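Here the structure comes first, spelled out in structure tokens, and everything after it is commentary.
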Amino acid sequence: MASVTHSSFKPAWWLKSPHLQTIWPSLFRSRVKLDFHVERIDLRDGDFIDLSWHQGSSGPLVMLIHGLEGSISSHYVTPTLQALHQAGFSTLFMHLRGCSDEPNRLRRSYHSGASEDLKEILELLRSRNQIPDAVVGFSLGGNLLLKYLSETGNESAIGAAVAVSVPFNLGQAATRLELGLSRIYGRYLLDKLKKSYVKKYQIRGFDNIVDLSAIQTIYQFDDNITSQANGFNDADDYYSKCSSGTKLKNISTPTLIIHALDDPFMFPASVPTIDQLGPGVDLELCMNGGHVGFIQGNLPFKAEYWLDKRISQYLKALLKSKNQPNDNNDLQLSFN
């Protein structure tokens, strides 16, 4: 049964601003060094996706998917993988097209609604008896994951999902990133998108490169590049077909959505209501937390990352009946 709950999360008093919650971990959080085996998967259309398997882990398998212009180097990735490993899970990371060390081969790109890529990867893993027990998606990756779950219903093939800081309405998110201090994030992401675009076109030798000097917003980038490269009419068509907020009713897989009402990437009005949620969806709303922030801690520069613990707690409770993690490896959880 669907539910909407208000989280007990309380931000660190010294990081109460949504902007500090959002920016702090990207600047100051230590990345965790983990051993990975990288596997390149050749897709049916001739492109590829890179998977990074965390070596030495055991237990139910959890796969992570990153956000816009993210990668395994994103501040939330390796710490989350480590927390899951310490909680008794084996872990896997999925790079979206063109987001690993090498640009993808085709003109098409990854985008917020490329659920067919996730579907193909999961089908391959299932054929090898390596299907993840759960998938965790952050931001754009969360939107993609929710879209996939809505399309597959009871046939999703995974036992659980977690989606964090999801842009439920892509058009409204693009608008939000043009307003106030949120323009900082819009400009940062736009610069990264442009650099990735130029790098790809130069390395792959593609012609008809777009004049990037005329593109000043995420919306314009999606209107002139993302939508055109991926078979949409324009940005509005792309946003309409790929926004997850209108599709949640079809999700039956047990799914936790974690969202902060002060997320500077979105308007509070974009958050779905309980009547829009499918029977498998639990929407956990935090008054604070920013975008993929959720930082606690009583002492300055002694940050505690609540999100790591919350994801592990949810998945342990849900997957305990299947390959239950060894009690000796249990992560001690606290939500004070």
query = Mind checking which pairs have a first residue in segment 131-142 that is surrounded by fewer than 24 Cβ atoms within 10 Å (Cβ to Cβ) and a second that is in a strand (DSSP E or B) and of a type outside the set (Gly, Ala, Ser), Cβ under 6 Å, 6 or more apart or different chains?
reply = Asp133/Leu61
ask   = Looking at (1) closer than 30 Å to Gly59 by Cβ; (2) of a type outside the set (S, T, N, Q); (3) over 18 Å from the mean Cα position of the chain (by Cα); (4) not in a loop (DSSP other than H, G, I, E, B), which is the one condition that is false for Ala157?
value = (4)
request  = Collect the residues in segment 48-69 that are over 23 Å from Val198 (Cα atoms), without any contact (Cβ under 8 Å) to a residue 60 or more places away in the chain and either surrounded by 17 or more Cβ atoms within 10 Å (Cβ to Cβ) or of a type in the set (Asp, Glu) (or both), keeping them in residue-number order.
outcome  = Ser52, Trp53, His54, Ser57
message = among the hydroxyl-bearing types (Ser, Thr, Tyr), surrounded by 13 or more Cβ atoms within 10 Å (Cβ to Cβ), assigned to a loop (DSSP other than H, G, I, E, B) and in contact with a helix residue (DSSP H, G or I) (Cβ under 8 Å, 6 or more places away or on another chain): is that true of Thr246 in this structure?
response = yes
task = Give the residue that is surrounded by the most Cβ atoms within 10 Å (Cβ to Cβ), with candidates limited to residues of segment 260-276 that are touching a Gly at 6+ places or on another chain (Cβ under 8 Å) and outside any loop (DSSP other than H, G, I, E, B).
result = Ala260
note = Per the filter on segment 296-313, residues touching a Phe, Trp or Tyr at 6+ places or on another chain (Cβ under 9 Å) and within 17 Å of Ala163 (Cα to Cα) are Tyr305, Trp306, Leu307, Asp308, Lys309, Arg310, Ser312, Gln313
note = Pairs returned, first residue in segment 289-304 that is without any contact (Cβ under 8 Å) to a residue 40 or more places away in the chain and of a type outside the set (A, V, I, L, M, F, W, C), second residue that is in a loop (DSSP other than H, G, I, E, B) and surrounded by fewer than 24 Cβ atoms within 10 Å (Cβ to Cβ), beta-carbon separation under 9 angstrom, 6 or more apart or interchain, are Lys302/Ala12
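One line per residue, one yes/no per condition, for (1) closer than 23 Å to Leu145 by Cβ; (2) surrounded by fewer than 14 Cβ atoms within 10 Å (Cβ to Cβ):
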{"residue": "Ser17", "(1), (2)": "no, no"}
{"residue": "Phe36", "(1), (2)": "yes, no"}
{"residue": "Gly46", "(1), (2)": "no, yes"}
{"residue": "Ser71", "(1), (2)": "yes, no"}
request  = Filter segment 277-309 down to residues that are charged (D, E, K, R), surrounded by 15 or more Cβ atoms within 10 Å (Cβ to Cβ) and either at pLDDT below 95 or under 20 Å from Ser58 (Cα atoms) (or both), then give me how many there are.
outcome  = 2
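Filter segment 182-208 down to residues that are of a type in the set (Gly, Ala, Ser) and more than 18 Å from Arg97 (Cα to Cα) and give me whichever is nearest to the chain's Cα centre (by Cα). Full working, then the answer.
Residues of segment 182-208 of a type in the set (Gly, Ala, Ser): 182, 186, 196, 205.
Next, from what is left, pick out any that are more than 18 Å from Arg97 (Cα to Cα): 182, 186.
Numbers: Ser182: 19, Gly186: 17 Å.
The extreme case among them is Gly186.
The values are calculated or read from the model by the stated rules, or taken from the named source; none is laboratory data. This structure is a prediction, so every number in the text was calculated from the model and none was measured. Virtual Cβ from ideal backbone geometry, glycine too; neighbours counted across all protein chains shown.
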